[in-house]
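Undergrad: My questions will all concern the structure given below.
The values are calculated or read from the model by the stated rules, or taken from the named source; none is laboratory data. In this text the structure is predicted, and so the values were computed from the model without any measurement. Cβ: placed from backbone, ideal geometry, glycine included. Neighbour counts: every protein chain shown.
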Amino acid sequence: MKTRIIGAILALILAVVGAFFLVSYVRGADARAQQGAVLTKVFVVETEIPRGTPGESIEEFVISDTVPQRNVVPDAVTDLTKLEGLVASAALLPGDQLSTARFVSPEDLAATGEVPVPEGMQLLSFTLPADRVVGGQVKAGDHIGLIGTVDPDETGDQEDVINPVSQFAFHGVLVTRVQGLAKPPADAEDGAQVDQQSGSNIMLTIALSAKDAVRWVWFTEGEAASYAQMWLTLENDKTDNSGAVAVTGENAW
């Protein structure tokens, strides 16, 4: 009985010692393999990156690492600012190295017919005349702003004293779908453009948070009630929205 116990203890000790030497050998092999190798900084996915994720948000999904040059993937990302203005063309899994080949412009992603809805957002559709939608230039994948004008009744000697107020209410709203755009006739030459008439209606589907969805509906309802007016702007990653203030009859001129 004692002999079996002693044998089991010796076997356990040998297993632990063997594991220690194996780990030490593997670590030594890795160190020997990297001796003299040129190391390159890369970014590796730590948490899955959903398709359509903006490049500006990638930092929270990745970690920085260094690998031998021979292990670097083509077009590896070494500077996250290079991804600004781009979106992930497909889901990136943990362990993947970041590569610019996996990122495209929002317009290119929209051209596939699908613009993913950012996590936590919800879709909302509305319709406006083309002349209020930048002449119909807005397309899926674009980001828009909203200028709203309201006509509040003001207290005065006379009833219904009107002093309209115009102000930006939204910036950077993602457009996921556009419907109602005019198309070139069948016999038109390739690349022919068709101007939108001011009376043409365009339906846009956008992605908003719950809080902003309610605010947007307020403007949409106001449009129908002739209380508020909506105009959209087309924004890009270099749009400067500073300096915009509420405009009334007192400071419009």
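Undergrad: Out of everything in the stretch 112-126 that is hydrophobic (A, V, I, L, M, F, W, C) and closer than 11 Å to T176 by Cα, what residue ends up being modelled with the lowest pLDDT?
TA: Top of the filtered list is V115.
Undergrad: Continuing with the same structure: Any residue that is at pLDDT 55 or above and hydroxyl-bearing (S, T, Y) - is there at least one of those in the stretch 161-174?
TA: Yes: the stretch 161-174 contains one or more residues that are at pLDDT 55 or above and hydroxyl-bearing (S, T, Y).
Undergrad: Can you name the residue in the stretch 175-218 that is over 29 Å from the mean Cα position of the chain (by Cα) and charged (D, E, K, R) and, of all such residues, is modelled with the highest pLDDT?
TA: Here the residue is E189.
Undergrad: Any residue at all in the stretch 21-40 that is touching a strand residue (DSSP E or B) at 6+ places or on another chain (Cβ under 7 Å) and either within 29 Å of V117 (Cβ to Cβ) or at pLDDT 90 or above (or both)?
TA: Checked the stretch 21-40: no residue is touching a strand residue (DSSP E or B) at 6+ places or on another chain (Cβ under 7 Å) and either within 29 Å of V117 (Cβ to Cβ) or at pLDDT 90 or above (or both).
Undergrad: Filter the stretch 76-87 down to the residues that are over 17 Å from I63 (Cβ atoms) and hydrophobic (A, V, I, L, M, F, W, C) and list them by number.
TA: Hits for the stretch 76-87 are L86, V87.
Undergrad: Also, quick follow-up: Suppose the filter is at pLDDT 85 or above and of a type in the set (F, W, Y); does F61 pass it?
TA: For F61, the condition - at pLDDT 85 or above and of a type in the set (F, W, Y) - is met.
Undergrad: What are the pairs with Cβ atoms under 7 angstrom where one residue, in the stretch 87-110, is under 15 Å from R51 (Cβ atoms) and modelled with pLDDT under 90 and the other, located anywhere, is among the polar types (S, T, N, Q) and surrounded by 19 or more Cβ atoms within 10 Å (Cβ to Cβ)? Sequence gap at least six, or different chains.
TA: Cβ pairs passing all conditions: V87/T53; A88/T53.
Undergrad: Any chance you could count how many residues in the stretch 219-253 are closer than 22 Å to T127 by Cβ and either surrounded by 10 or more Cβ atoms within 10 Å (Cβ to Cβ) or at pLDDT 90 or above (or both)?
TA: Looking only at that region, the number is 14.
Undergrad: Output the qualifying pairs, or none if there are none: Cβ atoms under 8 angstrom, residues six or more apart or on different chains, first residue in the stretch 199-218 and surrounded by 17 or more Cβ atoms within 10 Å (Cβ to Cβ), second residue charged (D, E, K, R) and part of a strand (DSSP E or B).
TA: The qualifying pairs are L204/R177; T205/R177.
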